[in-house]
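Asks: Please find one structure pasted underneath; my questions will follow.
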Amino acid sequence: MIRAALLGLAALCGVMQAAAADDWRREDLRIPMAAAGPRGLEAMLLRPPGARRYPLALISHGSPRAAADRPAMNPYRLYAQATEFARRGFASLVVMRRGYGTSDGGYAESSGPCDHRDYRMAGQASATDLRAAIDAMRGRADVTTEGMIAVGVSAGGFASVALAADPPPGLAAIISFAGGRGSRADDDVCDEAALVAAFAGYGRTARLPMLWVYAANDKFFGPDLAHRLHGAFTAAGGRARLIDAPAFGSDGHALFSAAGVPAWTPMVNGFLREQGLGVRDLIAAPGVTLAPPPQLRGTGRAAFDTYLASGPHRAFAASPKGAFAFRTGERSVAEAEEKTLAACAKYAGDCAIYAVDDRLAVTAEPRPR
């Protein structure tokens with residue numbers, strides 16, 4: 001189902017699509033913002049079924065170390081995370097800040113040379129984009145900004161903390177996964193003292209409850225730095241509970257991911273309950289159930305489960321002997337298929353596309369959950 005989203009003077013244009021047969025809705029949007037030019041900011045809204053107004057969960061992405069990787073980013077890469085917050089009773093909005101994905105206006109988060117950073121300036125630029133996204137949601141019939149939360153990962157976590165230093169009306173809490181900026185290589189952060197000072201500066205005015213999560217093997221912002229950031233923030237008056245999460249995968253910076261859902265959602269559940277936010281019972285997830293390739297075992301089947309929980313424009317490939325690969329959150333299905341086959345070909349020469357989005361590649365109708 002496709003229908004135009006007419007939003008009057010807000011000039012917010014979008015396309016609403018059924019996320020599955022159970023009346024979930026995914027809406028691809030352009031967020032109006034003068035500094036972002038005529039096209040504004042790229043965004044995706046995902047909300048559960050029903051006619052009620054769901055409080056907003058504003059979800060903010062990180063920043064890749066290589067500037068050349070910014071244009072390839074898109075909201076779909078946070079689809080699984082957006083789904084989890086929607087299941088907890090929120091309307092999840094993933095917004096690409098200026099200079100990322102197809103958001104216009106140019107990159108606005110520069111913080112100066114590596115040895116002399118102005119991280120607060122970068123955070124303020126990020127928070128400006130988040131405010132534009134919040135403003136675009138005000139007055140909608142299916143979203144409320146009262147009791148909303150801001151959720152971010154890496155530079156997006158830093159942006160969420162910056163937003164809370166001068167919070168917009170209705171913001172109730174912050175969740176930051178591996179929040180920070182300035183990582184240029186594993187365990188190498190530009191001007192750590194300036195980053196600590198930026199958190200201290202935000203702590204002087206931020207009073208909203210916050211949950212901060214850092215994994216033990218985070219290669220962007222390790223445990224020692226995480227504790228220094230938290231110490232500076234709370235010493236200045238900020239409120240944040242720090243969770244030292246166990247190691248996750250080869251780099252704990254990827255904890256807030258589709259694969260990490262079983263690890264990070266219990267932490268989120270506890271925090272939301274403490275703050276009286278979200279719903280008591282989980283809303284059934286959108287999607288379909290597909291049988292995995294029969295030749296897969298163990299990690300292959302787990303990977304297929306992750307594939308099913310991921311967003312649109314995805315593909316899964318497998319070889320007869322059990323090699324597999326998948327790509328999700330690409331700009332198109334064709335791009336997802338191409339990248340998936342290339343990845344699988346590194347392990348086997350006879351890989352074939354098994355599934356595309358919510359259907360099998362050959363046979364095909366999915367079975368609704």
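The values are calculated or read from the model by the stated rules, or taken from the named source; none is laboratory data. Because the structure is a prediction, the values reported are computed rather than measured. In this analysis, Cβ positions are derived from the backbone assuming ideal geometry, glycine residues included, and neighbour counts consider all displayed protein chains.
Asks: Taking the condition farther than 18 Å from Ala155 by Cα and without any contact (Cβ under 8 Å) to a residue 12 or more places away in the chain, does Pro312 pass?
Replies: no
Asks: Here's something else I'd like to know. Go through the range 203-222 and report how many residues are more than 22 Å from the chain's Cα centre (by Cα) and either of a type in the set (Lys, Arg) or in a helix (DSSP H, G or I) (or both).
Replies: 3
Asks: Across the range 58-110, which residue is surrounded by the fewest Cβ atoms within 10 Å (Cβ to Cβ) among those that are β-branched (Val, Ile, Thr) and within 22 Å of Arg47 (Cα to Cα)?
Replies: Among them, the one singled out is Thr83.
Asks: So, one more: Exactly one condition in (1) among the small types (Gly, Ala, Ser); (2) out of contact with any strand residue (DSSP E or B) (no Cβ under 7 Å at 6 or more places or on another chain); (3) surrounded by 24 or more Cβ atoms within 10 Å (Cβ to Cβ); (4) touching a residue at least 40 places away in the same chain (Cβ under 8 Å) is false for Ala165; which is it?
Replies: Result: Ala165 fails condition (3) only.
Asks: Okay, moving on. Kindly provide the set of residues from the range 81-91 that are in a helix (DSSP H, G or I) and either of a type in the set (Gly, Ala, Ser) or over 15 Å from the mean Cα position of the chain (by Cα) (or both), ordered by number. Explain how you work it out, then say what you get.
Replies: Keep residues of the range 81-91 that are in a helix (DSSP H, G or I), which gives 81-87.
Of everything in the range 81-91, those that are in a helix (DSSP H, G or I) and either of a type in the set (Gly, Ala, Ser) or over 15 Å from the mean Cα position of the chain (by Cα) (or both) turn out to be Ala82, Ala86.
Asks: Residues of the range 240-274 being more than 13 Å from Ala216 (Cβ to Cβ), assigned to a loop (DSSP other than H, G, I, E, B) and out of contact with any strand residue (DSSP E or B) (no Cβ under 6 Å at 6 or more places or on another chain), which ones?
Replies: Ser257, Ala258, Ala259, Gly260
Asks: Scan the range 138-145 and tell me whether some residue there is modelled with pLDDT of 95 or more and within 18 Å of Ala194 (Cα to Cα).
Replies: No, that holds for no residue.
Asks: Any idea how many residues of the range 305-320 are farther than 15 Å from Ala342 by Cβ and either touching a strand residue (DSSP E or B) at 6+ places or on another chain (Cβ under 6 Å) or at pLDDT 95 or above (or both)?
Replies: The number of residues fulfilling the criteria is 2.
Asks: Just to be sure, is Leu277 crowded, with 17+ Cβ neighbours inside 10 Å and part of a helix (DSSP H, G or I)?
Replies: no
Asks: Can you list the strands (runs of 3 or more DSSP E) found entirely within the range 1-80 that contain at least 3 residues being of a type outside the set (D, E, K, R) and modelled with pLDDT under 95?
Replies: On the way: elements: 2-4, 13-18, 25-31, 41-47, 54-60.
Passing ranges, in order: 13-18.
Asks: Working only within the range 191-202, note down all residues that are out of contact with any strand residue (DSSP E or B) (no Cβ under 8 Å at 6 or more places or on another chain) and either in a helix (DSSP H, G or I) or free of Cβ contacts under 8 Å to residues at least 60 places away in the same chain (or both).
Replies: Of everything in the range 191-202, those that are out of contact with any strand residue (DSSP E or B) (no Cβ under 8 Å at 6 or more places or on another chain) and either in a helix (DSSP H, G or I) or free of Cβ contacts under 8 Å to residues at least 60 places away in the same chain (or both) turn out to be Glu192, Ala193, Ala194, Val196, Ala197, Ala198, Phe199, Ala200, Gly201, Tyr202.
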